[in-house]
1. I need the full set of residues from the stretch 17-39 which are closer than 21 Å to CYS99 by Cα and in contact with a Cys (Cβ under 6 Å, 6 or more places away or on another chain), in order please.
2. Exactly one of these conditions fails for ASP145: (1) in contact (Cβ under 8 Å) with a residue 60 or more places away in the chain; (2) farther than 20 Å from GLY34 by Cα; (3) in a helix (DSSP H, G or I). Give me its number.
3. Given the criterion in a strand (DSSP E or B), surrounded by fewer than 20 Cβ atoms within 10 Å (Cβ to Cβ) and not acidic (Asp, Glu), identify the matching residue among GLY131, GLY89, GLY155, GLY94.
4. Does GLU83 qualify as being touching a Leu at 6+ places or on another chain (Cβ under 7 Å), of a type outside the set (S, T, N, Q), free of Cβ contacts under 8 Å to residues at least 60 places away in the same chain and farther than 20 Å from ILE156 by Cα?
Amino acid sequence: MKLLLNRAPENCAKLFRKVAEQAISFLGQPKNLGAVVTFVDKDEIRTLNTQYRGIERSTDVLSFPTIDNAGHGVIDASLYPYETDCRTGILNLGDVFICADVAKSQAEEYGHSLEREYAFLFLHGLLHLLGFDHIEPDDEREMNDAAQSILSACGIGR
């Protein structure tokens, strides 16, 4: 999986690649997928949350998928020619925005490392790009179970 990281802390590149590769493998997705991950501050995430979700507050992570993969089945990039780079064959799944300020607060609140919080937030956003959601209780359980399995396989615990 190809990741483009914007304003990310140095330690995140390797960590996010590890999590992404494990997620792709665990979910049986093809490797020709990509995503953009951007770190923002509280003001930026609040603006995005207000503009796109109508919720006027900061949040930890937001995802903006380029494709609709409801049911989170195996993705066939050939079905999305406009979202696929014709030179590389990489299908851009979308964008994930992580608020570093909120992540730091949550890591302290939950009593785990900032690295673990970043990995969780990135994975949460990636799962949304892959078609998961947590609106219904069964969907939330499925998404949480997938996230826990992937993080455990990466050796990332609480």
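1. If the condition is that a residue be closer than 21 Å to CYS99 by Cα and in contact with a Cys (Cβ under 6 Å, 6 or more places away or on another chain), then LYS18, VAL19 are the ones that fit.
2. Evaluating ASP145 over (1) in contact (Cβ under 8 Å) with a residue 60 or more places away in the chain; (2) farther than 20 Å from GLY34 by Cα; (3) in a helix (DSSP H, G or I) leaves (1) as the failure.
3. Result of the check over GLY131, GLY89, GLY155, GLY94: GLY94.
4. Judged against the criteria, GLU83 is a match.
No lab work stands behind these numbers, since they all come straight from the coordinates. Note that the coordinates shown come from a computational prediction; the quantities given were computed from them, not determined experimentally. Glycine also receives a Cβ, built like all others from the backbone with ideal geometry; neighbour counts cover every protein chain displayed.
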